[in-house]
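*Asks:* I'd like to ask you about the structure that follows.
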Amino acid sequence: MANAIMHDEKAIILVVDDTPDNLTLMSGLLKDSYRVKVANNGERALKIAQSEAPPDLILLDIMMPEMDGYEVCRRLKTENKTREIPIIFLTAKTEVVDETHGFELGASDYITKPISPPIVLARIETHLAIKSVQDFLKDNNAFLASEVDKRTAEIVAIQDVTINAMASLAETRDNETGNHIRRTQHYMRALANKVRFNPRFAHFLNDDTTIELLFKSAPLHDIGKVGIPDRILLKPGRFEPEEFEIMKTHATLGRDAILHAEKGLGIEMPFLKLAKEIAYGHQEKWDGSGYPEGLSGDDIPISARLMAVADVYDALISRRVYKAPMSHESAIQIIQEGKGRHFDPDMVDAFMELTDEFQRIAATYADSDEDMNKKAEYMEKAIAEKP
């Protein structure tokens, strides 16, 4: 009906009655204001209603042979294509129980014969107007839902681009490659999915959304390294004690950078909350010997504990310009030895069940010789140009 109104077309009324005189009477009454279709039985009525040009409203007799009006109404209301068409029963059945049954089947109105033409026309006009408003609201709601989905997708895309840009910025100054970021993302997701049903973590990892937010936040774990001087960040050997103290500030620098970005938004974003936890806490150790706060045990955020396993495993197996990669087996042994000291014991147990998956991820996102050569050239140039 909404389309009919917009294009100044007459609404289509389907009259269903097994009596020819009644069809003639109703056609004559309606033809000046509406396009009229007629059906003299229920089967014919169903075919017209399900056609490419369905009626906007149906006037339906009840007492018909083979298929009565109640059954026609029931069938129309069970089909997606026809359930929204208003049905007005037009019948000689005057009992309240009959009228009640008609409404129970989904009819919009019930008119008894003999009819009053002004009343029939008024009822038709009213229900067509109601249907028009309903169609408009449905179309408008569908459009709004589509726009919300579109804007949500755009926001997610902006988030992803921003995160990747920030992470890439940190990566250009670090001795690690962009593939380290991708590997740690996938390690974290695999580990989170493994421990999500552990009672110690179920309250936090209670749905797929949280795990995907962890995946999205993971690339920012070392964003604070942007603030570390090149002479320390790019040093190819072991840090002196004072250099290590400066290096440790990258956790605080990362947390503060994300906090600053969050304040600029004016609202708290779930993925930035996790990013802050990961950036600030992934260097903490289970026994309290880590930094920046020396947290221990369950005081360390779960997100940071997940990243600790992922980050250390990748650091061990990865080739750097200043060290050879460690074997997968050796990395497993070191993480196992760190159970209860460096790492949450339950997460190490989960990791031990995922070692093949970690190895697969490492192979999928392995560093190429070109990646390492470019990184080495950058580091050599940066070191040569430092004051």
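*Asks:* Exposed loop sites here are GluC sites (Glu not before Pro) in DSSP loop states with at most 16 other C-beta atoms within 10 Å. What is the longest stretch of the chain lacking them?
*Replies:* Within the chain, the longest run free of exposed GluC sites (Glu not before Pro) spans 96-267.
*Asks:* Turning to a different aspect of this structure: Please give the helix 250-265 orientation as an angle from the longest Cα principal axis of the chain, in degrees from 0 to 90, rounded to the nearest 10.
*Replies:* Helix 250-265 sits at roughly 30 degrees to that axis.
*Asks:* Could you calculate, for the chain, the ratio of the Cα radius of gyration to the Kirkwood radius, expressed as Rg to Rh?
*Replies:* 1.33
*Asks:* Another question, then. Explain nothing, just compute: Karplus ³J(HN,Hα) = 6.51 cos²θ - 1.76 cosθ + 1.60, θ = phi - 60°, for every residue of the stretch 50-57 in order, whole Hz, x for Gly and Pro.
*Replies:* Result, rounded to whole Hz: 9, 6, 5, 10, x, x, 8, 7.
*Asks:* Say the cut-off is 25 Å between C-alpha atoms; which of K81/K113; K216/K339; K194/K248; K31/K131; K77/K150; K150/K276 go over it?
*Replies:* K81/K113; K216/K339; K194/K248; K77/K150; K150/K276
*Asks:* Can you tell me which of R200, R151, R35 moves the most in a GNM of the chain? Springs connect C-alpha atoms under 10 Å apart.
*Replies:* Maximum among the listed residues: R35.
*Asks:* Where the centroid of each part is defined by its Cα atoms, how far is the stretch 214-285 from the stretch 61-98 in Å?
*Replies:* 69
*Asks:* Cα axis of helix 117-173 to longest principal axis of the chain: angle in degrees, 0 to 90, nearest 10?
*Replies:* Here the helix axis deviates by roughly 10 degrees.
*Asks:* Taking H as built 1.01 Å from N, whose amide H comes closer than 5 Å to the amide H of K37, not counting residues under 5 places away?
*Replies:* For K37, the qualifying residues are I13, L14, V15.
*Asks:* Which far-off residues, 5 or more places away or on another chain, put their amide H under 5 Å from the one on E284, with H placed in the peptide plane?
*Replies:* Residues meeting the criterion, in which the H sits 1.01 Å from N, are Y291.
*Asks:* Can you give the calculated 222 nm mean residue ellipticity of the chain, where each DSSP H run of n ≥ 4 adds -39,500 (n - 2.57) and the sum is split over every residue, rounded to the nearest 500 deg cm²/dmol?
*Replies:* -19000 deg cm²/dmol
*Asks:* A follow-up question, please. Mind listing the phi-derived Karplus ³J(HN,Hα) values for the stretch 340-354, rounded to whole Hz, using 6.51, -1.76 and 1.60 with θ = phi - 60°, and x for any glycine or proline?
*Replies:* Calculated HN-Hα couplings, in order: x, 10, 7, 10, 4, x, 5, 6, 5, 4, 5, 4, 5, 7, 10 Hz.
*Asks:* Under 20 °C and 1.002 mPa s, how fast does the stretch 289-337 diffuse according to Stokes-Einstein, given a Kirkwood radius computed over C-alpha pairs? Answer in µm²/s, whole number.
*Replies:* Roughly 177 µm²/s, to the nearest whole number.
*Asks:* How large are Rg and Dmax for the stretch 2-145 when calculated on the C-alpha trace, in angstrom?
*Replies:* In order Rg, Dmax, the Cα atoms of the stretch 2-145 give 14.7, 48 Å.
*Asks:* Return, ordered by residue number, the residues of the stretch 281-316 whose backbone nitrogen is under 17 Å from a label point located 7 Å along Cα→Cβ of N206.
*Replies:* Under cut-off, by backbone N: 302-303.
Quick note: the coordinates plus some simple rules give every number you see, no bench work behind them. Not measured: the values here are computed from a predicted model. Virtual Cβ from ideal backbone geometry, glycine too; neighbours counted across all protein chains shown.
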